[in-house]
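Q: Mind looking over this structure? Questions follow.
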Amino acid sequence: MSAAGVLTGAGFSTPFDVIGALDVGLLVLLLLVGVAIINERKIFVVVMLGGVYSLLSAAFFVTMDAVDVAFTEAAVGAGISTVLQLGALLLTAREARKSPPGRRWGPLLVVFAVGATLMYATADMPSFGDPESAANAYVGRAYLVRTPQEVEVPNVVTAVLASYRGYDTFGETVVIFTAGLGVMLLLGLRNPRERARDQLRKKRQARRIDRGQDRSEESDG
Amino acid sequence: MNSQYHLVLRVVSKVLIPVIALFALYVQFHGDFGPGGGFQAGVILAVSVILYALVFGVDEARRAIPTWLVRSGCAVGVLLYGGVGVTGWLKGGYFLDYDVLNPDMSHHAGQHLGIMLVELGVLTTVASVMVAIFFAFAGRAPDIPDEEW
């Protein structure tokens, strides 16, 4: 059942299946962007198309009523990732090398094999919005039922994320902290000018210049 | 970036950056009622700093948001989150048990307080780490040359 089917079941009726048409349109656009990314050699264009892909997926998540996921995808996928990839791009080559034609068949085969497996697996998926599906039936329903009494927060997602699953979110925060720590340890946070100034200062201290002279030299450095 | 170019970009971003930061705070404190929360708000807050750095240069951004603030922000957020958990212990509950934070059980004030503090910790860490990663990468490369825009 499509998202539109659920909506019509809830009393919505439109002469034309708007959500269904949107879904098809967005998926076609996602496919086109994906093909364009594969064919593109300029990395700048690839990064920008990656941002477009994220934004399209965010729109697709909205049509599936997953606004929280869509919000995160738009902010992280289309926003931060694109900017970070642009920053990394400045440190590397601007164009990707063309792979030799003979080497493309293996990866293509893998792509088709994985795609076929996923298509086969979708047959076993519960239909969209099915209240009896595993994700909605057991603990998911318990959260929906208990949140108004136990946490009294209108947004159940927030209640699950920050209260019921507070341990997990703590772990996620630590993961982000660790990622930042790793980047800071590897690349350093200070800008090159500051670093050069610090090295100069250290060199001066090693030379044991007396205090007054040290201060006057620092002020003009 | 050279100051004589991109007049429209500079003017528009000067107007937009405060609005983006304000929207981040809206997402943060409205997370209980609508979509949003610390992760999204932190990213949006970081975006406002990154946009500033992209348009006015990384050095200017470093002057506005000093390095020590970014570096300590990463740790302060995690400490705030963990601190809420440890406070639960000290008040006789479990780790991250918000109910003991406030005795007013009829309105679940403890839950609301705990969620707010925890989300604040997430906001601080996420925003600081995103800005830190951007600074670390952008500090190594020269400013984007104008012909590459």
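Q: When the residues of the range A:16-27 are narrowed to those that are closer than 17 Å to A:GLU73 by Cβ and open to solvent by less than 40 Å² (accessible area, probe 1.4 Å), which ends up modelled with the highest pLDDT?
A: In this case the residue turns out to be A:LEU26.
Q: How about the range B:67-82: which of its residues are open to solvent by 20 Å² or more (accessible area, probe 1.4 Å) and β-branched (Val, Ile, Thr)?
A: B:VAL76, B:VAL78
Q: Restricting to the range A:67-95, count the residues that are at the interface with another protein chain (Cβ under 9 Å from one of its Cβ atoms) and either closer than 18 Å to A:GLY25 by Cα or hydroxyl-bearing (Ser, Thr, Tyr) (or both).
A: Count: 2.
Q: Something else: Restricting to the range A:73-118, count the residues that are open to solvent by 80 Å² or more (accessible area, probe 1.4 Å), of a type outside the set (Asp, Glu) and touching a strand residue (DSSP E or B) at 6+ places or on another chain (Cβ under 9 Å).
A: The total comes to 1.
Q: I'm checking my understanding of the structure. Among residues of the range B:129-143 that are part of a loop (DSSP other than H, G, I, E, B) and more than 7 Å from chain A (Cβ to nearest Cβ), which one is modelled with the lowest pLDDT?
A: Selected residue: B:ASP143.
Q: Now for a separate question. Answer yes or no: is there a residue in the range B:59-66 that is under 14 Å from B:ALA132 (Cα atoms), facing another protein chain (nearest Cβ under 8 Å) and buried (at least 18 other Cβ atoms within 10 Å of the Cβ).
A: Among the residues of the range B:59-66, at least one is under 14 Å from B:ALA132 (Cα atoms), facing another protein chain (nearest Cβ under 8 Å) and buried (at least 18 other Cβ atoms within 10 Å of the Cβ), which makes the answer yes.
Q: Can you tell me which residues in the range B:83-110 are of a type in the set (Asp, Glu), outside any helix (DSSP H, G or I) and surrounded by 14 or more Cβ atoms within 10 Å (Cβ to Cβ)?
A: Scanning the range B:83-110 gives a single hit, B:ASP97.
Q: Taking interchain pairs and intrachain pairs at least six residues apart, which have beta carbon atoms under 6 angstrom, with the first residue in the range A:15-27 and under 20 Å from A:SER54 (Cβ atoms) and the second at pLDDT 80 or above?
A: A:LEU22/A:THR63; A:ASP23/A:THR63; A:LEU26/A:LEU56; A:LEU26/A:ALA59; A:LEU26/A:PHE60
Q: State yes or no: is A:LEU86 closer than 30 Å to B:VAL131 by Cα and either in contact with a Leu (Cβ under 9 Å, 6 or more places away or on another chain) or at pLDDT 90 or above (or both)?
A: yes
Q: When you scan the range A:133-143, do you find a residue that is touching a residue at least 12 places away in the same chain (Cβ under 8 Å) and surrounded by 13 or more Cβ atoms within 10 Å (Cβ to Cβ), even just one?
A: yes
Q: Specify which of the listed residues (B:PHE23, B:PHE56) is modelled with pLDDT under 90 and of a type in the set (Phe, Trp, Tyr).
A: Within the list B:PHE23, B:PHE56, the selection yields B:PHE56.
Q: Give the number of residues within the range B:28-39 that are in contact with a Phe, Trp or Tyr (Cβ under 9 Å, 6 or more places away or on another chain) and surrounded by fewer than 24 Cβ atoms within 10 Å (Cβ to Cβ).
A: 1
Q: Now for a different question. Which residue out of B:VAL55, B:VAL8 is more than 11 Å from chain A (Cβ to nearest Cβ) and open to solvent by less than 70 Å² (accessible area, probe 1.4 Å)?
A: One residue alone meets the criteria, B:VAL55.
Q: Next question. I'd like the residue in the range A:145-192 that is loosely packed, with under 15 Cβ neighbours inside 10 Å and under 19 Å from B:MET105 (Cα atoms) and, out of all such residues, is nearest to the other protein chains (Cβ to nearest Cβ).
A: Residue satisfying both the conditions and the ranking: A:PRO154.
Q: Now for a separate question. Inspect all residues belonging to the range B:86-95 and state whether any of them is touching a Leu at 6+ places or on another chain (Cβ under 8 Å), away from chain A (no Cβ under 11 Å) and β-branched (Val, Ile, Thr).
A: Yes: the range B:86-95 contains one or more residues that are touching a Leu at 6+ places or on another chain (Cβ under 8 Å), away from chain A (no Cβ under 11 Å) and β-branched (Val, Ile, Thr).
Q: Check the range A:28-43 and report whether any residue there is among the polar types (S, T, N, Q), out of contact with any Pro (no Cβ under 6 Å at 6 or more places or on another chain), part of a helix (DSSP H, G or I) and buried (at least 16 other Cβ atoms within 10 Å of the Cβ).
A: Checked against the condition, which is being among the polar types (S, T, N, Q), out of contact with any Pro (no Cβ under 6 Å at 6 or more places or on another chain), part of a helix (DSSP H, G or I) and buried (at least 16 other Cβ atoms within 10 Å of the Cβ), the range A:28-43 yields no hits at all.
The values are calculated or read from the model by the stated rules, or taken from the named source; none is laboratory data. Treat the numbers as computed from the prediction; the structure is a model and nothing was measured. A quick note on method: Cβ atoms are made from the backbone with ideal geometry, for glycine too, and the neighbour counts reach across all protein chains shown. In case anyone asks, the SASA skips ligands and DNA or RNA and just uses the protein heavy atoms, side chains included. Shrake-Rupley method; radii C 1.70, N 1.55, O 1.52, S 1.80 Å.
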